Amino acid sequence: MTESDLHLDVDLDEDFEPEDLEGPRPVATPGDPVLVVDDLHIVYRVFGGKAKQVAAKGADNVHEAKAPKRSLLRRLVSSTSQHVGAVSEVHAVRGISFVARHGESIGIVGINGSGKSTLLRAVTGLIPPHSGGVYVAGEPALLGVNAALMPQLSGERNIWIGGLALGLTPKQVEERFDEVVDFADIGDFVYMPMKTYSSGMGARLRFAISSAATPDILMIDEALATGDAAFKARSKARIDEVRKNAGTIFLVSHSISTVEAMCTRVLWVHQGQLVMDGGTEEVLAEYRKFVRAHRQANSSGRAGGVGPRARRKKKPQQV
Amino acid sequence: MSTDTTTGAAPGDRGSPDAERDPLAPPAPIVPDTSSSERRALAEQFGLQQMGVRPPLGKYIRDVASRWAFIRVLGTATAYSKNQNNYLGQLWAVLNPILNATVYVLIFGVLLQASRGVENSIAFITIGTFLFRFFEQSVHAGSRSIAQKTNLIRSLHFPRAVLPIAQVVSLLTTLVPALLVMCAIVLLSGLLPKYAMVHVTWSWLLLPGIIALLWVFNTGVAFIVARAVAITPDLDNVIGFVLRLVMYGSGVIFPVTHYVDNLPEGVQAIAGPILEYQPIGVFLYVARSILTQEPSFPQDPWMWVWAAGWAVVAFVVGFIIFWRGEERYGRD
């Protein structure tokens, strides 16, 4: 499998069921800034990674960790073996800056591994920045189907844990309990352990839980990617509803048509850097071109060709 | 319909389609048209708060306190889920400590006779193992509370101190039924011919008090190990050995202070007080003094003072240590 195969799992889907997402595209009415991202860097520490090998394969945002103080012992050990003290760092977000305003719906696009989800989580404040800063008004919340709950417990307990973790009071959780169960459409399965759920049921319940609270800034991570057509329509309606109250939303999705239908502004992230920021049509047109070019290169046997040429251009250009 | 990134600045050339560009390469990264200080000033102008920074201690304490319902639900749910996957279910919460105590009673009490000088070694070892188990499990649970909940941390906002607290609460919920069994074993052991009688006295009412202090102490220690292991995962491997050292050094299964007498004079002067007044030793002393009538464990109010002191110190120091790392959890 080539590198480009791995990276190009992007849903171009011009034939995406548009009826699920119909309705007028939101119109931007930019107001006051509600979110300022200032030169954000996110660095993950990865244990057991073999930085030298990965870096040699051309991923220039992975490098060996330079611990501030490396003892003689540590250096001896790491020079002799990749299995002891093998710590590498993944520089997932490399200096991103932007300002989001009240009323904007911002889509974040990029190929797999470009740092979209990390950026979203960092903007929500869930992953502390390595350097730089994120400034927000109010409390942003992440709405997603990936919110990790406790699979060994029943859906009922998970609704409680999720609701309370979102900051709801026990009374509010009780009030919204039935609503969550209805929305997730899981019926009596709510009393069974979540690990017995089908993946669709689990995703629906997680989405229902995470949308139980209405935040000031809403972050959506691939929420529309799961579920059948009926659930997609329902979650679109729910997001619209939340958006009316939330004011500002961020959406990460592989489905270009979802971004097109929901967003007024698009950020294109590539290898942890912001390469384009502008109106939906303008950015998505360029992004489509980019993805198509890669597809063609792939299928016409130039698979390996993404390598050196493209990579030379991707060299970190310090912002 | 490009949306301005910054106030008053022209969109500039960023994002403009470049016909000459290789279609396989993405556009060059945007150079922002505002400086870092301008952006920070903008954030300040509109009263935006910085994310991912540690809140002040007072606010943090209020945040944690307001999440008490979350702590309780998470704690009981964790406790429940632990014993869910077997036929006997929640019964294991009681059976486990009993089996644990049985092993030590058989080996150290009956076979090795290590508890010489104690009138009822079954009661002695049972109290020791039940209470030490609570401490041991709190440390283990605390050490994993951050590392194993990375997904939860990266998905939801809440003060991270909730996690170690909930872990210890979860152990407390399983400890309560186990303590009833412990008391029953202690009483019944007195009926055996070779073991001294144990009487129920007014001092048994003090048991919830020492358990509460131990709970506070355990939570404090859980805070410390939670941060240590979150930052340096390697320490997780060391904790088991340290705990075993603490177990043998605290007189959990034999009266360690008796063995000090065999040491040379100089060592005795140092080791004696340390072994006597170190926290686990103190908690076990108090528990044994209120539940049994061992002559070597008379009631001693000063030991209560020591226990309360250790609990408060561990909790306050642990909480502050944990809070100081707040902004780092979830990054690694």
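Away from chain A (no Cβ under 13 Å), farther than 27 Å from A:ASP216 by Cα and surrounded by fewer than 18 Cβ atoms within 10 Å (Cβ to Cβ): does that describe B:VAL31? So that I can check it myself, show each step before the final result.
Numbers: away from chain A (no Cβ under 13 Å): no; farther than 27 Å from A:ASP216 by Cα: yes; surrounded by fewer than 18 Cβ atoms within 10 Å (Cβ to Cβ): yes.
Against the criterion (away from chain A (no Cβ under 13 Å), farther than 27 Å from A:ASP216 by Cα and surrounded by fewer than 18 Cβ atoms within 10 Å (Cβ to Cβ)), B:VAL31 does not qualify.
Check B:SER66 against each of (1) crowded, with 16+ Cβ neighbours inside 10 Å; (2) within 10 Å of chain A (Cβ to nearest Cβ); (3) within 23 Å of A:ILE127 (Cα to Cα) and name the one condition it does not meet.
All conditions are met except number (1).
Among the residues of the range B:155-176, how many are more than 15 Å from the chain's Cα centre (by Cα), under 26 Å from A:GLU139 (Cα atoms) and either surrounded by fewer than 21 Cβ atoms within 10 Å (Cβ to Cβ) or more than 8 Å from every other protein chain (Cβ to nearest Cβ) (or both)? Talk me through it step by step, then tell me what you get.
Within the range B:155-176, the first condition is being more than 15 Å from the chain's Cα centre (by Cα), and the residues that meet it are B:155-159, B:176.
Next, only the ones that are under 26 Å from A:GLU139 (Cα atoms) stay: B:155-159.
After this cut, where a residue has to be either surrounded by fewer than 21 Cβ atoms within 10 Å (Cβ to Cβ) or more than 8 Å from every other protein chain (Cβ to nearest Cβ) (or both) as well, the list is B:157-159.
So the count comes out to 3.
So A:TRP160 fits all but one of (1) free of Cβ contacts under 8 Å to residues at least 40 places away in the same chain; (2) in contact with a Lys or Arg (Cβ under 6 Å, 6 or more places away or on another chain); what number is the exception?
Condition (2) is where A:TRP160 drops out.
Okay, residues lined up against (1) over 12 Å from B:ARG288 (Cβ atoms); (2) under 15 Å from the mean Cα position of the chain (by Cα); (3) in a helix (DSSP H, G or I):
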{"position": "B:GLY117", "(1), (2), (3)": "yes, no, no"}
{"position": "B:ALA123", "(1), (2), (3)": "no, no, yes"}
{"position": "B:THR126", "(1), (2), (3)": "no, no, yes"}
{"position": "B:PHE130", "(1), (2), (3)": "no, no, yes"}
{"position": "B:PHE134", "(1), (2), (3)": "yes, yes, yes"}
{"position": "B:SER138", "(1), (2), (3)": "yes, yes, yes"}
{"position": "B:ALA141", "(1), (2), (3)": "yes, yes, yes"}
{"position": "B:ILE146", "(1), (2), (3)": "yes, yes, yes"}
{"position": "B:ASN151", "(1), (2), (3)": "yes, no, yes"}
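Go through (1) without any contact (Cβ under 8 Å) to a residue 40 or more places away in the chain; (2) in contact with a Pro (Cβ under 6 Å, 6 or more places away or on another chain) for A:LYS195 and report which single condition fails.
(1)
Looking at (1) touching a strand residue (DSSP E or B) at 6+ places or on another chain (Cβ under 7 Å); (2) closer than 25 Å to A:ALA213 by Cβ; (3) not basic (Lys, Arg), which is the only condition A:THR258 fails?
So A:THR258 meets the others, but not (1).
Limited to the range B:113-127, what total is found for residues that are touching a residue at least 24 places away in the same chain (Cβ under 8 Å) and surrounded by fewer than 22 Cβ atoms within 10 Å (Cβ to Cβ)? Steps first, answer last, please.
Quick first cut of the range B:113-127, residues touching a residue at least 24 places away in the same chain (Cβ under 8 Å) only: B:114-127.
Retained after the next criterion (residues that are surrounded by fewer than 22 Cβ atoms within 10 Å (Cβ to Cβ)): B:114, B:116-117, B:119.
Looking only at that region, the number is 4.
Here's a check for you: in the range A:107-142, which residue that is of a type outside the set (Val, Ile, Thr) and assigned to a strand (DSSP E or B) is nearest to the other protein chains (Cβ to nearest Cβ)? First the steps, then the outcome.
Kept after step one, since they are of a type outside the set (Val, Ile, Thr), are these residues of the range A:107-142: A:107, A:110, A:112-117, A:119-122, A:125-126, A:128-133, A:135, A:137-142.
From the residues that got through so far, the ones that are assigned to a strand (DSSP E or B) too are A:107, A:131-133, A:135, A:140-142.
Values: A:GLY107: 12, A:SER131: 10, A:GLY132: 8, A:GLY133: 5, A:TYR135: 4, A:PRO140: 8, A:ALA141: 7, A:LEU142: 6 Å.
The selected residue is A:TYR135.
Look at the range A:162-206 and say how many of its residues are surrounded by 14 or more Cβ atoms within 10 Å (Cβ to Cβ), of a type outside the set (A, V, I, L, M, F, W, C), more than 11 Å from chain B (Cβ to nearest Cβ) and not in a helix (DSSP H, G or I). Let's see the steps before the verdict.
Let us first name the residues in the range A:162-206 that are surrounded by 14 or more Cβ atoms within 10 Å (Cβ to Cβ), namely A:162-168, A:170, A:172-173, A:176-177, A:180-181, A:183-186, A:189-190, A:192-194, A:197, A:200-206.
Subset that is of a type outside the set (A, V, I, L, M, F, W, C): A:162-163, A:167, A:170, A:172, A:176, A:185, A:193, A:197, A:200, A:202, A:204, A:206.
Of the ones still in play, those that are also more than 11 Å from chain B (Cβ to nearest Cβ) are A:176, A:185, A:197, A:200, A:202, A:204.
Keeping just the survivors that are not in a helix (DSSP H, G or I) gives A:185, A:197.
The number of residues fulfilling the criteria is 2.
State yes or no: is B:VAL186 at pLDDT 90 or above and either outside any helix (DSSP H, G or I) or within 18 Å of B:TRP92 (Cα to Cα) (or both)?
Values: at pLDDT 90 or above: yes; either outside any helix (DSSP H, G or I) or within 18 Å of B:TRP92 (Cα to Cα) (or both): no.
No, not satisfied.
Which count do you get for residues in the range B:305-332 that are surrounded by fewer than 16 Cβ atoms within 10 Å (Cβ to Cβ) and either in contact with a Cys (Cβ under 6 Å, 6 or more places away or on another chain) or over 30 Å from B:ARG54 (Cβ atoms) (or both)?
Residues in the range B:305-332 being surrounded by fewer than 16 Cβ atoms within 10 Å (Cβ to Cβ) and either in contact with a Cys (Cβ under 6 Å, 6 or more places away or on another chain) or over 30 Å from B:ARG54 (Cβ atoms) (or both): 1 in total.
Exactly one of (1) out of contact with any Ser or Thr (no Cβ under 7 Å at 6 or more places or on another chain); (2) in a helix (DSSP H, G or I); (3) farther than 21 Å from A:GLY31 by Cα is unmet by A:ALA212. Its number?
Going through the list (1) out of contact with any Ser or Thr (no Cβ under 7 Å at 6 or more places or on another chain); (2) in a helix (DSSP H, G or I); (3) farther than 21 Å from A:GLY31 by Cα, A:ALA212 breaks only (2).
Restricting to the range B:34-56, name every residue that is more than 7 Å from chain A (Cβ to nearest Cβ) and either in a loop (DSSP other than H, G, I, E, B) or more than 28 Å from A:VAL34 (Cβ to Cβ) (or both). Steps first, answer last, please.
Taking the range B:34-56 as the starting set, the residues that turn out to be more than 7 Å from chain A (Cβ to nearest Cβ) are B:34-35, B:37-38, B:41, B:44-45, B:53-56.
Of everything in the range B:34-56, those that are more than 7 Å from chain A (Cβ to nearest Cβ) and either in a loop (DSSP other than H, G, I, E, B) or more than 28 Å from A:VAL34 (Cβ to Cβ) (or both) turn out to be B:THR34, B:SER35, B:VAL53, B:ARG54, B:PRO55, B:PRO56.
Considering each of B:VAL181, B:VAL260, B:VAL198 in turn, give the residue that is out of contact with any Ser or Thr (no Cβ under 7 Å at 6 or more places or on another chain) and either more than 28 Å from B:HIS140 (Cβ to Cβ) or of a type in the set (Asp, Glu) (or both).
Just one listed residue meets the conditions, B:VAL260.
The values are calculated or read from the model by the stated rules, or taken from the named source; none is laboratory data. Please read all numbers here as calculations on a predicted model, not as lab measurements. Counting neighbours? That spans all protein chains shown, and the Cβs are built from the backbone with ideal geometry, glycine included.
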